[in-house]
1. What distance in nm lies between label points placed 7 Å from Cα along the C-beta direction at Val349 and Leu184?
2. Which ³J(HN,Hα) values, rounded to whole Hz and listed in residue order, are derived for the stretch 107-121 from phi using the Karplus coefficients 6.51, -1.76 and 1.60 in 6.51 cos²θ - 1.76 cosθ + 1.60 with θ = phi - 60°, glycine and proline given as x?
3. Would you work out which of Ser167, Gln103, Leu32 lies farthest towards the positive end of the dipole of the chain, given +1 charges on the beta-carbon of Lys and Arg and -1 on that of Asp and Glu, about the Cα centre?
4. The stretch 181-257 to the stretch 103-145: how many Å between their Cα centroids?
5. Work from the charge dipole of the stretch 108-342 (Cβ charges, +1 for Lys and Arg, -1 for Asp and Glu, about the Cα centre) and give the residue of Thr112, Gly124, His207 farthest towards its positive end.
6. Between His149 and His227, what FRET efficiency follows from the Cβ-Cβ distance if R0 is 45 Å, with the result rounded to 0.05?
7. Label Glu25 and Met123 with points 7 Å out from Cα along Cα→Cβ: what is the distance between them in nm?
8. For Asp327 and Phe240 in one chain, what is 0.36 nm times their gap in residues minus the Cα-Cα distance, to one decimal in nm?
Amino acid sequence: MSDIDALEKDILAQISDAENQAALETVRVDALGKKGRVSALMKTLGGMSDDERKVKGPLLNGLKDRVNQAVLDRKAALEEAELDLRLASERVDVTLPVLTSQQGRIHPISQTIEELSAIFADMGFSVAEGPDIETDEMNFTALNIPPEHPARQMHDTFYLEEKEDGSRPVLRTHTSPVQIRTMLAEKPPHRIIAPGRVYRCDSDQTHTPMFHQVEGLVIDRETHMGHLKWVLEEFCKAYFELDSVSMRFRPSHFPFTEPSMEVDIRCRRDGGQILLGEGDDWLEILGCGMVHPNVLRYVGLDPHEFQGFAFGVGIDRMAMLKYGIPDLRAFFSGDLRWLRHYGFHSLDVPNLAGGLSR
Ligand code: PHE
């Protein structure tokens, strides 16, 4: 066997013995690197006679090519083996229970907003948003509440500093300005809900200066109060996970709806508990009505052509009712023990098919 054959045999054996990519790299450098054994032989070609080079040249080049190819093949084989190993060791056992050690919890308000969104999405509503800092115009005037209207006092508004043009931004006192923003931004028909934070300068056992509402708005050519009642009834059944609910629509007043109603749901008060869907008591849960013609005119819609309804629900109240949470203020106290008790697992995303709140 020639020296070249012996060298090739030796290197190829080293290559196939290399157990990992690092070992293979050492073998490669040892053979093909600048000071490697094959490279050293290649360098001798320069000092050869033409005849000798004609014979040795192809031999050495063949050696180099085969070693190169052997390194590449081994590298591919090692990579595949490493991947197989990783796949085997990182295998997920899908039968294991889901992350029981998981610490974080979803706040009941976030959970409730997710539930509301799932229910209304199922009825074809999309979710709209507006800013917490509103203009006086959007929060009041556009909603048929002119500057001297007494409803402004009832809202206990937080006013911000006056701007140069004399206008005063407010922290929105309700989610109703999102009705206006939606109708100004897009063409009817509209079918939206707008959950979010609202602010009123009021604080006691049942009021916090910041709380949450979800606004609903439907505008189309033939939308009527029957649709309003159906939507609210379906919503309550789905949300409280009851087969039937009994609701009462009482005449009320909001400047931006006409007629306006407050809606009560039948309940039974038992000690400190409130049981829904039974009993002879009533619990107010929301305000609603047919969108006032002045509001439609403000956004450039002809009230003879378009009509619809709006409603506003207190999210905090809905969460307290469903999950038996007695004190509103605890929602915003940031007490981890409270959150661990009333919070939800982050992987239990509410949906109608799987159940809203498992
Ligand atoms: N914006 C009203 C409130 O905060 C609720 C409401 C919304 C009533 C939409 C009617 C229609 O009290």
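1. Each label point lies 7 Å from its Cα, and together they span 3.3 nm.
2. Working through the residues one at a time gives 5, x, 5, 4, 4, 4, 4, 4, 5, 4, 5, 5, 5, 6, 4 Hz.
3. Of the candidates, Leu32 comes out farthest on the positive side.
4. Comparing the Cα centres of the stretch 181-257 and the stretch 103-145, I get a distance of 10 Å.
5. Thr112
6. Step by step, r from the Cβ atoms, then E = 0.95.
7. Spacing of the two 7 Å Cα→Cβ label points: 6.3 nm.
8. Once the chain is fully extended between Asp327 and Phe240, it gains 29.4 nm.
A short reminder: the numbers here are calculations on the coordinates, not readings from a lab. Since this is a predicted model, take the numbers as computed values, not measurements. Every residue, glycine as well, gets a Cβ built from its backbone with ideal geometry; the counts of neighbours run over all protein chains shown.
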